[in-house]
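Computed from the coordinates by the stated procedures, all read-outs in this text should not be read as laboratory data. Because the structure is a prediction, the values reported are computed rather than measured. Because the Cβ atoms are built from the backbone with ideal geometry, glycine has one as well, and the counts that use them run over all protein chains shown.
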């Protein structure tokens, strides 16, 4: 059989004069331009004329990164239907920036006829390259908002320029720089509605009627209560003359001396206390709740109901820093779709103060800590690790402490290497237990595997097989037998060498015979065309050396 299929071709830049209907022709090597027919692919039409259907001239104009504007090339959008740059006359669009490509040229926005330049409700008009000030019309409030977004930009009105209020300029406000060097209000009177307070932050003391933070040339009328900013009462003081009287204090009250309450107190507000608070054997200090004696803290929401009654609800995350957590409840429900086992991060409490320069720490426990583990926290230099265990609950560090560490401070330890322990779930049943999880020495190569052990042994969290590993059944699929086609398998154990696999409905996969390379072709040269795979009229795959396009 032929090893090459050739079409009509030319090295020039002229289209073929005549060409058979359906015949292909190409011009190659000639430099194709818009003005000639070089680097083109032609197809003969039913009148024998050569019609251009493609060619390198066109494909070269598309040979660039999608979404990138390229000179003398077609514009190709990227997967988001975008292009990086677009130019029209003096206008250039780049990212979200519209600029003029001609230096010093103006950028003009113009609506045709009586059209308007409109910024829609909720759309922001920003000033400043970092968006310092925003103008936005909020339709829900029927208000034009001026927002300060970044930095401390100002809205500046020039000296002596009035801001008028009212259609007839009834009232105004301006900075009088020329005569008084003051901000002046003129025209209509100003009135503050009920609920609008006026505050002067100037702390200038008053010595007469013309000095102070607030001065009035005329009189002052006050219809309601007057409150003084500071009140000093010396000596014994009694407020009220009967038990039915009340004292209302609307400000923060500070008691610098002892306070004695001789009757029951009712508090209907939050109590803020700084410092330690002891109640029986419980202590609250900062954000820590602890005991003043003993080693247990019991939370019992319903003592009358016994140990199994009541409900404790914890809002937020729960972290347990101990070494053993025991759950004695009959049922346990976890909403989190993921349970993390073997977290390499541990938090430990320092049990003895350590001064700057020390190279060891005493912790509440050294369980599950290994040499080389990373140590971090206040006073711990970067790159600090555990170097050894001198004794007790003491760890030695490879770096000196950079700042004093107090008794009760916390440090974080992250496991650096393997602890040679398995990870998984241990399930008790029928007087024995099984194991689901990662066996560090499992698998045929002994390098670890995810496994299920039906009857397991547990030697300090290293699991072994006590009988057999067991059978895993998923629905109707049992994984200790040959895998059938309906479960994604092949249904057979071997296949013919060099055969091609094909389907057999729900039955086992079948395979063709090997191609007869000895006939019709011989040798191993890649230019020789050997047999190809086709199908019979019944749809069965077979090898053949003949391609028959058929008749019509």
Using all C-alpha to C-alpha distances in the stretch 63-162, build P(r) with 5 Å bins and read off the rounded percent in each one. 2, 9, 11, 12, 16, 17, 14, 9, 5, 2, 1, 1, 0
At what distance in angstrom do the alpha carbon centres of the stretch 358-391 and the stretch 1-73 lie from each other? 74 Å
Give me P(r) over the stretch 8-60, computed from all C-alpha to C-alpha distances, binned every 5 Å, as integer percentages. 5, 26, 33, 21, 11, 3
Expressed as a whole-number percentage, the relative contact order of the stretch 132-187 with C-alpha contacts under 8 angstrom and at least six residues apart is 22 percent
Just to confirm my numbers, what's the Cα centroid distance between the stretch 111-126 and the stretch 445-494 in Å? 69 Å
Rg and Dmax of the stretch 319-466 over Cα atoms: what are they, in angstrom? 18.9, 57
For residue 46 and residue 118, extending 7 Å from Cα along the Cα-Cβ vector and measuring point to point gives, in nm, a value of 5.2 nm
Pulled fully out, how much extra length does the chain show between residue 447 and residue 387, if you take 0.36 nm times their separation in residues and subtract their Cα-Cα distance? 18.8 nm
Using only the Cα atoms of the stretch 236-389, what semi-axes does the equivalent ellipsoid have when each is the square root of 5 times a gyration tensor eigenvalue? Give whole Å, largest first. 44, 27, 15
For the chain, calculated [θ]222 nm from helices alone, where every DSSP H run of n ≥ 4 adds -39500 (n - 2.57): 0 deg cm²/dmol
Give me P(r) over the stretch 252-329, computed from all C-alpha to C-alpha distances, binned every 5 Å, as integer percentages. 3, 8, 11, 18, 21, 15, 9, 8, 4, 2, 0
Convex hull (Cα only) mean projected area of the chain, reported in nm² to one decimal: 63.3 nm²
Taking the Cα centre of each part, how many Å lie between the stretch 254-299 and the stretch 397-426? 34 Å
Tell me, Kirkwood radius of the stretch 182-309 from alpha-carbon pair distances, in Å? 22.6 Å
For the stretch 423-470, the Kirkwood Rh over every pair of distinct alpha carbons, in Å, works out to 10.6 Å
Order of 147, 199 under a 10 Å beta carbon neighbour criterion, fewest first: 199, 147
What fraction, in whole percent, of alpha-carbon pairs in the stretch 132-187 exceed 15 Å separation? 65 percent
Sequence ranges 211-219, 497-505, ranked by mean other-Cβ count within 10 angstrom, highest first: 497-505, 211-219
Given an 8 Å cut-off on Cα distances and at least 6 residues of separation, report the relative contact order of the chain as a percent. 4 percent
